[in-house]
Protein chains: 2
Amino acid sequence: MIESAHRNDFYITNTQKQHLKPMVTKTRTLSKELLEQILTEARTHSVWLPEPVSDDLLVQIYNLMKWGPTSANSSPARIVFVKSPEARAKLLPCMAEGNVEKTKAAPVTVIIAQDMEFYEKLPKLFPFADARSWFAGNNPFIESTAFRNSSLQGAYFIIAARSVGLDCGPMSGFDNAKVDAAFFEGTTWKSNFICNLGYGDSSKLRPRAPRLEFNEACKIL
Amino acid sequence: MIESAHRNDFYITNTQKQHLKPMVTKTRTLSKELLEQILTEARTHSVWLPEPVSDDLLVQIYNLMKWGPTSANSSPARIVFVKSPEARAKLLPCMAEGNVEKTKAAPVTVIIAQDMEFYEKLPKLFPFADARSWFAGNNPFIESTAFRNSSLQGAYFIIAARSVGLDCGPMSGFDNAKVDAAFFEGTTWKSNFICNLGYGDSSKLRPRAPRLEFNEACKIL
């Protein structure tokens, strides 16, 4: 019995090592230059070059960001790309004063919203279990899941936009209730945050603000 | 006067074009292979190879994710890397039943937390204005900012971990109150979500679940 258990341990170890080898070979760190583009040197922009952003590029961004993980694949984020003068005119009065000019100048302004009935899509999105029933009727759970996961997806959006060479200007300085009244009345969508999108004018950036050190923000236990 | 206005327009246009040129030259889309690594082919893992993750790599992940944008650079996320048998023993009873085995097997389990007094760091993080005063005493604003932005940072964490070749298993199936009692009693930190970290066994993945089509999740206005 002991011998058989040992044999079994040995067998598992070898099998795992076989899996390990190709994985570790595949493992690689993105180059410094690419990490600069998506994170370490990417900046929040407020001044925009007069260069348009095509609808094709917006579809490309969605087709990247949609693959980022969410709880039970719930994918609660909904995205409104504000481009036309009419839509822009509805949005500007909802912005905090300090965000009006930059939003006026951005070629696209994106409302990252959350569908408060996201769970109605779970029969398609999570075919492995009846995940819809985990949420329906449980408002606090619906709200925390929608807010957490649409925020995660907002971050995937920012990374995806930077991945295709665009700059972002994310903002929470706006009146959520006004945006919801102007864009989402009679629907189950609610605004989360807003993000300007385009090609930023790097010459107009202020010096970069510091970040917390590892020891201020992290613990290894 | 009209002539001078025209001259001025012309001058602005040329200046902007000068800015535009180097920007557009710099602009590039990440290769298909790298986008696969961070988004399009990356998967949520539940089965882990017995390959350790060094502390150096954890520091590398933080030093990438910390640059992702947050509201007023508030950076409310706090990260606890659970590695030791003692810390692991405190965490496992907090997990939902379906998340115990995968968490037991992961080389590192990460608690993505939020500091409910994040605004005390704003004099350092946002030296441009007295941003601390925007938050202090305004609990609903503190709570939504901490939750939204620590979630954004959780997504930057996932992308950063994938960027250095690791796999993630993010989970919200655990008891937040139990985790807070076990790890954060007497502090201003609160759990947001949890993420296993390591080298996933790709042979154990189930078929990938679908995502919403562009027209189901997005509108261009």
Selected from A:161, A:136, A:106 as most flexible by GNM, with chain A as the system and alpha-carbon contacts under 10 Å: A:136
Sort largest first and round to whole Å: the equivalent ellipsoid semi-axes of segment B:99-181, each the square root of five times a Cα gyration tensor eigenvalue. 30, 17, 9
Per-residue Cβ counts within 10 Å, from other chains only, averaged over A:145-154: what number is that? 5
Potential extension, residue B:84-residue B:143 segment - 0.36 nm per residue separation minus Cα distance: 18.2 nm
Among A:42, A:94, A:133, which residue has its Cα furthest toward the positive end of the charge dipole of chain A, with +1 on Lys/Arg Cβ and -1 on Asp/Glu Cβ? A:42
Once the in-chain neighbours fewer than 8 apart are removed, the aspartates and glutamates whose Cα is under 18 Å from residue B:219 read A:55, A:56, A:86, A:115, A:117, A:180, A:185
Mind checking the dipole of segment B:23-140: about its Cα centre, +1 per Lys or Arg Cβ, -1 per Asp or Glu Cβ, Debye to the nearest 20? 220
For residue B:55, inter-copy label distances in nm, listed shortest first [label point 7 Å out on the Cα-Cβ vector]: 5.5
Please get the size of the charge dipole for chain A, origin at its Cα centre, with Cβ charges of +1 on Lys and Arg and -1 on Asp and Glu, quoted in debye to the nearest 20. 500
Given Cβ point charges of +1 (Lys, Arg) and -1 (Asp, Glu) and nothing else, what value in debye, to the nearest 20, does the dipole of segment A:168-221 about its Cα centre take? 220
May I ask for the accessible area buried between chains B and A, both sides summed, probe 1.4 Å, to the nearest 100 Å²? 8600
Can you compute the FRET efficiency between residue A:124 and residue B:43 using 1/(1 + (r/R0)^6), with r the Cβ-Cβ distance and R0 = 22 Å? Round to the nearest 0.05. 0.75
Distance in nm between residue A:63 and residue B:215 label points, each 7 Å along Cα→Cβ, equals 1.5
Label zone at residue B:51 (point 7 Å along Cα-to-Cβ), backbone N below 13 Å, segment B:196-221: B:198-203
In chain A, helical segments from DSSP H whose Cα atoms cover 18 Å or more along their own axis and that average at least 0.0 on the Kyte-Doolittle scale are A:139-163
Per-residue mean of C-beta atoms belonging to partner chains within 10 Å, peptide A:202-213: 5
Taking every eigenvalue of the Cα gyration tensor of chain B, multiplying by 5 and rooting it, what semi-axes result, largest first, whole Å? 39, 26, 16
Give the accessible surface of the protein assembly as shown per residue, rounded to a whole number of Å², with probe radius 1.4 Å and ligands, DNA and RNA excluded. 45
Mind jotting down the distance between the C-alpha centroids of segment B:26-99 and segment B:169-221, whole Å? 10
From the cross-link list B:83/B:121; A:66/B:121; B:32/B:102; A:66/A:124; A:121/A:178; A:204/B:124, which pairs have alpha carbons spaced over 25 Å apart? B:83/B:121; A:66/B:121; B:32/B:102; A:121/A:178
Positive end of the dipole of chain B, charges at C-beta (+1 Lys, Arg; -1 Asp, Glu), about the Cα centre: which of B:221, B:82, B:142 has its Cα farthest in that direction? B:221
Calculate the all-directions average of the projected area of segment A:150-221's alpha-carbon convex hull, and give it in nm². 8.0
Peptide B:168-174 - average C-beta neighbours from other chains (10 Å radius): 3
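The values are calculated or read from the model by the stated rules, or taken from the named source; none is laboratory data. In this text, all values refer to a predicted model and were calculated from it rather than measured experimentally. A quick note on method: Cβ atoms are made from the backbone with ideal geometry, for glycine too, and the neighbour counts reach across all protein chains shown. Calculation scope for accessible area: heavy atoms of the full protein, side chains included, ligands and nucleic acids excluded. Shrake-Rupley method; radii C 1.70, N 1.55, O 1.52, S 1.80 Å.
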